[in-house]
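This report refers to the structure that appears directly beneath it.
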Amino acid sequence: ELKVEQNPLFLSMQEGKNYTIYCNYSTTSDRLYWYRQDPGKSLESLFVLLSNGAVKQEGRLMASLDTKARLSTLHITAAVHDLSATYFCAVDFDRGSGTYKYIFGTGTRLKVLA
Amino acid sequence: DTAVSQTPKYLVTQMGNDKSIKCEQNLGHDTMYWYKQDSKKFLKIMFSYNNKELIINETVPNRFSPKSPDKAHLNLHINSLELGDSAVYFCASSRITGAEAFFGQGTRLTVV
């Protein structure tokens, strides 16, 4: 069964602190995406990771992919209130015949406290 | 210029009614999707079309019928609405199957 799990599901952290969100998936894939969703809003693409060892950084967020461990991490450095949102990872699974199935993780609701 | 647009944004309707949600993308993408997001924020794929051809059809009641008149449009028709259909429905598109997806603003469906 294709599964994508994130932890933690909820994260409350103080401004200025560091933390990591984990995304584990069940079947081989080398395509992983991170999205951000603000309350009542759509999903915004943050990072595209397309190979083992890929690392991308944007501001206080850094994402990495280890395809052998089937694990991606989203690291938050010196959190600020504006980062409060729900973060999703999504994994593309090869179904064969050139088609992929895009499965989302459970989401991590992040709240950064002043 | 909105890349992926859905209408309507909000939809409140009674049980048993039939309703449609429309989606259009102007990104020139080949693949389009419908996702359902429930009250716990879980996102589940419902359908995926590639070049107007259905390629993913998840375990969705057959009251839900997608239609893709052309590559830029993917509409969702729902018959005999039930309370459990209340959710936010997102349309998305990607350049090809397996690429980064871009999402519409969502349609919040409330069945009363």
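The values are calculated or read from the model by the stated rules, or taken from the named source; none is laboratory data. On a predicted model such as this, the values are computed, not experimentally measured, just so you know. All Cβ positions, glycine included, derive from the backbone under ideal geometry; neighbour counts span all protein chains shown.
Taken over segment A:36-87, residues that are surrounded by 20 or more Cβ atoms within 10 Å (Cβ to Cβ) and touching a residue at least 60 places away in the same chain (Cβ under 8 Å) amount to 4.
Can you find a residue that is among the aromatic types (Phe, Trp, Tyr) and within 14 Å of another protein chain (Cβ to nearest Cβ) anywhere in segment B:83-96? Even if it seems obvious, please write down each step before you answer.
Pass one, segment B:83-96, residues among the aromatic types (Phe, Trp, Tyr): B:89-90.
Of the ones still in play, those that are also within 14 Å of another protein chain (Cβ to nearest Cβ) are B:89-90.
Within segment B:83-96, one or more residues are among the aromatic types (Phe, Trp, Tyr) and within 14 Å of another protein chain (Cβ to nearest Cβ).
All conditions but one from (1) closer than 24 Å to residue B:56 by Cα; (2) modelled with pLDDT of 95 or more; (3) of a type outside the set (A, V, I, L, M) apply to residue B:17; the one that does not is (1).
Checked against (1) more than 19 Å from residue B:43 (Cα to Cα); (2) outside any strand (DSSP E or B); (3) touching a residue at least 24 places away in the same chain (Cβ under 8 Å), residue A:27 passes all but condition (1).
Scanning segment B:62-80 for residues that are surrounded by 13 or more Cβ atoms within 10 Å (Cβ to Cβ) and either without any contact (Cβ under 8 Å) to a residue 40 or more places away in the chain or not in a loop (DSSP other than H, G, I, E, B) (or both) yields B:63, B:64, B:65, B:66, B:67, B:68, B:73, B:74, B:75, B:76, B:77, B:78. Screening residue B:59 with (1) touching a residue at least 24 places away in the same chain (Cβ under 8 Å); (2) surrounded by fewer than 21 Cβ atoms within 10 Å (Cβ to Cβ); (3) within 14 Å of chain A (Cβ to nearest Cβ); (4) assigned to a loop (DSSP other than H, G, I, E, B) gives one miss only, at (1). Residues in segment B:23-50 that are among the basic types (Lys, Arg), at pLDDT below 95 and within 12 Å of the chain's Cα centre (by Cα): B:44 alone.
Pick from segment B:33-54 the residues that are hydrophobic (A, V, I, L, M, F, W, C) and in contact with a Lys or Arg (Cβ under 8 Å, 6 or more places away or on another chain): which of them is farthest from the other protein chains (Cβ to nearest Cβ)? Steps first, answer last, please.
Applying the first criterion (hydrophobic (A, V, I, L, M, F, W, C)) to segment B:33-54 yields B:34, B:42-43, B:45-47, B:54.
Of the ones still in play, those that are also in contact with a Lys or Arg (Cβ under 8 Å, 6 or more places away or on another chain) are B:43, B:45-46.
On the way: B:43: 4, B:45: 6, B:46: 11 Å.
So, considering only residues that are hydrophobic (A, V, I, L, M, F, W, C) and in contact with a Lys or Arg (Cβ under 8 Å, 6 or more places away or on another chain), the one farthest from the other protein chains (Cβ to nearest Cβ) is B:46.
If you scan segment A:73-103, which residues turn out to be touching an Asp or Glu at 6+ places or on another chain (Cβ under 7 Å), over 29 Å from residue B:54 (Cα atoms) and assigned to a strand (DSSP E or B)? Of everything in segment A:73-103, just one residue is touching an Asp or Glu at 6+ places or on another chain (Cβ under 7 Å), over 29 Å from residue B:54 (Cα atoms) and assigned to a strand (DSSP E or B), namely A:85.
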